[in-house]
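Below is one structure, written out as structure tokens; the observations come after it.
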Amino acid sequence: TETDGEGNFTFSGVPPATYQIQLATPPGYVVGRTSGAISFTKQDVGARQGILPLNKHELVVSADACRDASYDALPNGRISGVAAAPQGKLPKPIWIRLWRANHIDTSKIPAGVETKAVPSGAFQIGPLLPGSYVIGTYLYPADYKECVKDPKYFEHFVPQPWFYPGTTDPAKAKPIKVGFAQQVSGIHFVVPSSAVSISQKDKSTPAKRR
């Protein structure tokens, strides 16, 4: 069936059963990210259409019953939670970045996937397409802002490690799976209260925010 201009739809004469509802991409459109938002984007004639990925919704229909149901048409997934120090609140807000799992590159900041935790430590990242993601943060040395004024500072600067939930090893970072328009909440991200020193072989310089 097709929706009207407001997105309303109706299935009539449906026998009692459990059904899977899926949304088809409008003809001539694809789902993509535009200016930080996920939306339907107009494509050239002949653009590939199909079922939106991972958007199955189960609908149970009972005998002689009318059932109302609403579904998200776009995969506006989000990840939210709280970042905290081991002994409580963070001393100051931190930047949290997100990458596709198995594609972590701390030298790059993917567009639209960096957020600043508020003073309470709460954060939210999105909108996101369905997939598995990893979050992480970088802590500069406490004296970084003062020391960076020295032109020769970076000649002896020892980069700090990136922190992921429960580890500093990106290979051990636990992925966060986001479904179609799923709101993944309750992520508890414990971050050290200060930066730490690391060996020269573990150097990894963070990308600068623009």
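The values are calculated or read from the model by the stated rules, or taken from the named source; none is laboratory data. Remember, it's a predicted structure, so these values are computed and weren't measured experimentally. Cβ sites come from the backbone with ideal geometry, for glycine too, and all protein chains shown count toward neighbours. Just the protein is used for accessible areas: all its heavy atoms, side chains included, with ligands, DNA and RNA removed. Shrake-Rupley method; radii C 1.70, N 1.55, O 1.52, S 1.80 Å.
What the table shows:
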{"read-out": "Residue match in segment 193-209 (condition: assigned to a strand (DSSP E or B), modelled with pLDDT under 90 and open to solvent by 20 Å² or more (accessible area, probe 1.4 Å))", "value": "no"}
{"read-out": "Filter result for the condition that a residue is more than 23 Å from ALA84 (Cβ to Cβ) and open to solvent by less than 20 Å² (accessible area, probe 1.4 Å), over GLY136, GLY131, GLY121", "value": "GLY131"}
{"read-out": "So PRO26, is it surrounded by 14 or more Cβ atoms within 10 Å (Cβ to Cβ) and either assigned to a loop (DSSP other than H, G, I, E, B) or modelled with pLDDT under 75 (or both)", "value": "yes"}
{"read-out": "Restricting segment 69-88 to residues that are out of contact with any Pro (no Cβ under 8 Å at 6 or more places or on another chain) and of a type outside the set (Gly, Ala, Ser), the residue that is surrounded by the most Cβ atoms within 10 Å (Cβ to Cβ)", "value": "ILE79"}
{"read-out": "Number of the exception - LYS177 against (1) over 16 Å from LEU90 (Cβ atoms); (2) out of contact with any Ser or Thr (no Cβ under 7 Å at 6 or more places or on another chain); (3) modelled with pLDDT of 90 or more", "value": "(2)"}
{"read-out": "Lone unmet requirement of (1) open to solvent by 20 Å² or more (accessible area, probe 1.4 Å); (2) within 19 Å of the chain's Cα centre (by Cα) for ALA63", "value": "(2)"}
